[in-house]
Amino acid sequence: MDDIDPIINAFPEAQAKALGDVRKRLKTLLPLATEDLSWGMPTLRCHDILMVSYTGFAHHNSLFPGPDVHERLGTLLEGYTTTKGTIHFDRDKAPPVAFLRALVKAKIGAINDSYPRKSGEFLALYENGVLKSRGRYTDAGDMTGKWTFFRKDGSLLREGSFKNGQQKGPW
């Protein structure tokens, strides 16, 4: 997104480089993610779901993946200062790719575990943030209505409808 470069480049050179590295690494881990600004911070989203925001401060930089990932990261957070939903990292150095990979995995796990919703809505993401499947469940736990399934690259695998948990019509 064109609005993100000026935000990052407004920081001192070493800090801007660290934030730029975070951006590049996250975009590699989440190749189909969209970027926007949320609360004035660069943010990556997958299917309109906030994955992580990041920004710099006077003495550190921060990742904002939300509070649902802290427990999942466990001991990987040792050495980082955390607050509810926030992970602070070095002002002039991006976190290692392995840490960001674990953060993305934890966030996607939390998202996937939050479905199905009480409304029956279901969504699952692959580990790269690409949509795996989308549909709806009945109160009895049966697949119902239109369902869509995707490959890991985002291309359509198949789609069709269910009624009372049974495939219906052409697929």
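In table form, for the structure just shown:
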read-out	value
Crossing angle, helix 97-113 versus the chain [Cα axis fit, 0-90 degrees, rounded to tens]	30 degrees
Vicinal HN-Hα couplings computed from phi for segment 71-81 (Karplus, 6.51 cos²θ - 1.76 cosθ + 1.60; Hz; Gly/Pro x)	5, 5, 7, x, 5, 5, 7, 4, x, 10, 8
Contact order normalised by residue count of the chain, Cα under 8 Å, 6+ apart, percent	14 percent
The chain: angle of helix 13-29 to the longest principal axis, Cα-based, in degrees nearest 10	20 degrees
Accessible area per residue, Å², segment 19-171 with all protein chains present, probe 1.4 Å	55 Å²
Charge tally in the Cβ shell below 14 Å around residue 168, where Lys, Arg are +1 and Asp, Glu are -1, residue 168 excluded	+2
Whole-Hz ³J(HN,Hα) from phi, Karplus 6.51 cos²θ - 1.76 cosθ + 1.60, for segment 49-59, glycine and proline x	9, 5, 8, 6, 10, 8, 6, x, 9, 4, 10
Calculated on alpha-carbon atoms, Rg and Dmax of segment 10-120 in Å	13.8, 48
Ranked order, 39, 171 - accessible area, probe 1.4 Å, largest first	39, 171
Reduced Cα scattering model of segment 54-171, Debye log10 I(q)/I(0), q = 0.14, 0.20 Å⁻¹	-0.70, -1.03
Accessible surface of segment 57-146, 1.4 Å probe, proportion on carbon and sulfur as whole %	52 percent
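The values are calculated or read from the model by the stated rules, or taken from the named source; none is laboratory data. Just so we're clear, the structure is a prediction, and the values are computed from it rather than from any experiment. Note that we place each Cβ from the backbone using ideal geometry, even for glycine, and neighbour counts take in every protein chain shown. These area figures cover heavy atoms from the full protein model, side chains too; ligands, DNA and RNA do not enter into them. Shrake-Rupley method; radii C 1.70, N 1.55, O 1.52, S 1.80 Å.
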